[in-house]
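Let me begin by presenting the structure, written as structure tokens, before commenting on it.
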Amino acid sequence: MNWFYIEGVLILAGINIIAVLGLSLLTGFTGLFSFGHAGFMAIGAYSAVYFGERMGLPFAVSVVAGGLVAGLVSLFIGRLTLKLKGDYFCIATLGFGEAIRLVLDNVQVFGGARGWPGIPLKVDLVTVTIFNIVGILFLMFLINSRHGRSMIAVREEELAAKVIGIDTYRYKVISLFISAVYAGIAGGLLGYYLTFLQPKLFGLQKSTEYTIMVIFGGIGSISGSVLAAFILTVLPEMLRSFAVWRFVIYGAAVIFIMIARPQGLMGGKEITLKGIAGILGIPGRNRKTARSGEV
Amino acid sequence: MELLRLENLTKTFGGLTAVKDVNFTVNEGSISGLIGPNGAGKTTIFNLITGIYKVTRGAIYFQNVPIHDKEPHVIAGMGITRTFQNIRLFKNLTVYQNVLTACHHNADYGIFDAALRLKKFRRQERELKEFAGRLLELMELSGWKDKVANSLPYGLQRRLEIARALALKPKLLLLDEPAAGMNPDETRQLMNLIRRIRDEFGCTILVIEHHMDLIMGICDNIIVLNFGKKLAEGPPEKIQQDPLVIEAYLGEGGMPGA
């Protein structure tokens, strides 16, 4: 195992973390299931590479712009589908994801089904780490604000959210928008890391994989999503020696976790500095003052 | 002064008329009761006022502004909120989070204020948290602050739902059977609580209830519904004597002295 290989796995894990963070906002915090996020990822990937390679925009700008294009498309899709209830929305996203893939398969401007080769490699571990940190912080701050609380209210009890004045439709649209931007950015990074884009990369399997990661990590937990995206990207790599059996083991691991911990790895809780200090037995600031108060 | 006015309010579901030509007004600062046998259309009227159902015919005015064509969250933003007959809390959130979520109308910072932790966000968020804490104290829920809503005893869940509604600083509070499932002692406490809310929060209250002690004890004005129509309206003494009301509740042979 050389460093080049390990770095590659870590970069892929980082890219998956970004996509899963976005989906976590939609599924974990707002309670909407989507099986079309690979579609947003594809839009972000192709737009970013188009901005970067055909229009000559700088790398970071084109990746973020690609994310925004995915976001804009989500606004359009959201207007059409977010008035639908639960399962219907889920099916609509499934159709959307497949439609995007088929459109890209047949539009020759971007290479069609043969793909888009020769994209320069511009993503390294540092880039992905920076995108990850920004992505995690933004989501943390959003969730701990009135906007995040309103999204959680939509997940918990939509009717009650309405009568306490929360515009549930608007928050669903915002949540879908932000999650599509995350997916789009992840797509752009993937394109610039793989140096090759093909519609086949963004099929239903990819969308399903991300939804599994969100649930595996635990609904409504940012650290759970990060952990799950990391574990479920690294695990199949570690199982390479099992050849064809590795995805059987992968599937079995997912089933095992769902039976043993139906609430997911983190079960709606977060890993916090205070929590880690507690486990390690380091007294926190609050506890210190409480102790000196007793004396 | 008049706060809420219903004009010829009608709601039909297919061929069924749930509410038919109901007229009444609710005065500011009053406690009004909405009573009637099961299926009389009481909860339907609540759903119409809060915009959950669309009005078939007629009109609803709140502070002389028509609200019958508005979305529920807009109506809530204007100062009308409610509790539900079957409690609808954010079950998996803590007591504090339930109330804090409902405080959002008292702040106006945007998503980017939050993402960048700007001064506006920090100041308003501090105010929201202080307000939520004060509200829990007033409602005597401070001791349960970090408990998950679902784990609370039934009576406290009802009180938490009222606390959550009060977080909006409403002008009109609609209570849908707040005493359902409560024993006489808890009902008495609830009566005092409703009076206290009216006095301390300065809001007007409209309550649906089957416990007649509660209705007769606290209401200034009572509206009686039967089969979707208004049967009678007036102060408790008058309603208690009304032959039509007695008939609706007890049947024709149930007339006292008959």
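Nothing in this text is a laboratory measurement; each read-out follows from the coordinates by a stated rule. Predicted model only: the values in this text are computed from it and were never measured. We place every Cβ from the backbone using ideal geometry, glycine too, and count neighbours over all the protein chains shown.
For chain B, modelled as a Gaussian network with Cα springs under 10 Å, which listed residue fluctuates most, B:138, B:166, B:206?
B:138
Report the percentage of all Cα-Cα pairs in chain B whose separation exceeds 24 Å, rounded to a whole percent. Write down the numbers at each step before the final one.
On the way: 16813 of 33153 pairs.
Distances greater than 24 Å cover 51 percent of the Cα pairs.
Please state the shape class of region A:228-275: rounded when a/c is under 1.5, otherwise prolate if a/b exceeds b/c and oblate if not, all from the C-alpha gyration tensor. List each step's numbers first, then the result.
Numbers: a/c = 4.53, a/b = 1.81, b/c = 2.50.
Oblate is the answer for region A:228-275, as a/c is 1.5 or above yet b/c matches or exceeds a/b.
Based on the alpha-carbon gyration tensor of region B:11-92 and its eigenvalue square roots a ≥ b ≥ c, which shape applies: rounded if a/c is under 1.5, prolate if not and a/b is larger than b/c, or oblate?
Verdict is rounded for region B:11-92.
Using Cα pairs closer than 8 Å and at least 6 residues apart in sequence, work out the relative contact order for region B:1-116, in percent. The partial results should precede the final answer.
Details: 136 pairs, mean separation 26.1, N = 116.
Relative contact order comes out at 23 percent.
Hand me the tally of lysine pairs in region A:3-294: alpha carbons under 16 angstrom apart, and the pair either on different chains or 8 or more positions apart. Mind dumping the intermediate values first?
On the way: A:83/A:162; A:83/A:172; A:85/A:162; A:85/A:172; A:162/A:172; A:274/A:288.
So the count works out to 6.
So what is the relative contact order of region A:3-294, in percent, for Cα pairs below 8 Å that sit 6 or more residues apart? Mind dumping the intermediate values first?
Values: 467 pairs, mean separation 94.3, N = 292.
Answer for region A:3-294 is 32 percent.
To make sure I understand, if each residue's beta carbon is the centre and we count other beta carbons within 10 Å, what order do B:210, B:105 fall in, fewest to most? Kindly include the intermediate steps, with their values, before the conclusion.
Values: B:210 14, B:105 20.
Fewest-to-most Cβ neighbours within 10 Å comes out as B:210, B:105.
Give the cross-link partners of residue B:230 among the lysines, using a straight C-alpha distance below 16 Å as the criterion and excluding same-chain residues fewer than 8 apart.
Answer for residue B:230, where 16 Å is the Cα cut-off: B:11, B:20, B:42, B:238, listed by chain and number.
Beyond 18 Å, how much of the Cα-Cα pair distribution for region B:90-159 remains, as a whole percent? Provide the component values of the computation, followed by the final result.
Details: 1026 of 2415 pairs.
In whole percent, the share of Cα-Cα pairs in region B:90-159 beyond 18 Å is 42.
Using the Cα gyration tensor of region A:81-194, with a ≥ b ≥ c the square roots of its eigenvalues, what is the shape: rounded (a/c below 1.5), prolate (a/b larger than b/c) or oblate (neither)? Provide the component values of the computation, followed by the final result.
Values: a/c = 4.32, a/b = 1.50, b/c = 2.88.
Oblate.
Considering the options A:77, A:230, A:128, tell which one lies farthest towards the positive end of the dipole of the protein assembly as shown, charges being +1 on Lys and Arg and -1 on Asp and Glu at the Cβ, about the Cα centre.
Of the options given, the answer is A:128.
Which of B:186, B:237 comes first, and how do the rest follow, when ranked by fewest Cβ neighbours within 10 Å? Write down the numbers at each step before the final one.
Details: B:186 15, B:237 9.
The fewest-first ordering by Cβ neighbours comes to B:237, B:186.
When a footprinting reagent is the concern and you count Cβ atoms within 10 Å, what order do A:214, A:134, B:22 take, fewest first?
Numbers: A:214 29, A:134 13, B:22 22.
Listing A:214, A:134, B:22 from fewest to most nearby Cβ atoms yields A:134, B:22, A:214.
Pairs of alpha-carbon atoms within less than 8 angstrom and 6+ residues apart define the contacts here; what relative contact order does region A:3-131 have, in percent? Display every interim value, and only then the final one.
Working: 103 pairs, mean separation 40.6, N = 129.
Worked out over region A:3-131, it gives 31 percent.
Place +1 on the Cβ of every Lys and Arg and -1 on the Cβ of every Asp and Glu in region B:90-159, take the dipole about the Cα centre, and give the residue among B:92, B:143, B:106 whose Cα lies farthest towards its positive end.
The residue sitting most towards the positive pole is B:92.
At 1.306 mPa s and 10 °C, plugging the Kirkwood radius over alpha-carbon pairs of region B:142-251 into Stokes-Einstein gives what diffusion coefficient in µm²/s? Walk me through the numbers before you get to the answer.
On the way: Rh = 15.5 Å.
Rounded, D is 103 µm²/s.
Please compute the volume of the convex hull spanned by the alpha-carbon atoms of region A:62-101 and report it per residue in Å³.
On the way: hull volume 2.6 nm³, N = 40.
Hull volume over Cα atoms, normalised by residue count, gives 65 Å³.
Scale the Cα Rg of the protein assembly as shown by the rule-of-thumb value 2.2 N^0.38 Å and send over the ratio, two decimals.
For the protein assembly as shown, the normalised Cα radius of gyration is 1.16.
What translational diffusion coefficient, in µm²/s and rounded to a whole number, does the Stokes-Einstein relation yield for region A:68-127 at 10 °C and a viscosity of 1.306 mPa s, taking the hydrodynamic radius as the Kirkwood radius over Cα pairs? Before the final figure, lay out the partial values.
Details: Rh = 14.1 Å.
It comes out at roughly 113 µm²/s.
State the volume of the convex hull built on the alpha-carbon positions of region B:117-207, expressed per residue in Å³ and rounded to an integer. Before the final figure, lay out each step's value.
Details: hull volume 10.2 nm³, N = 91.
Once divided by residue count, the hull of region B:117-207 is 112 Å³.
So what's region A:3-294 giving for Rg/Rh, alpha carbon basis, Kirkwood Rh from the mean inverse pair distance?
Details: Rg = 19.8 Å, Rh = 19.8 Å.
With Rh from the inverse mean 1/r over Cα pairs, Rg/Rh is 1.00.
Please report, in debye to the nearest 20, how large the charge dipole of the protein assembly as shown is about its Cα centre when each Lys and Arg carries +1 at its beta carbon and each Asp and Glu carries -1 there.
Working: 56 positive and 43 negative charges, 284 e Å.
In debye, rounded to 20, the protein assembly as shown gives about 1360.
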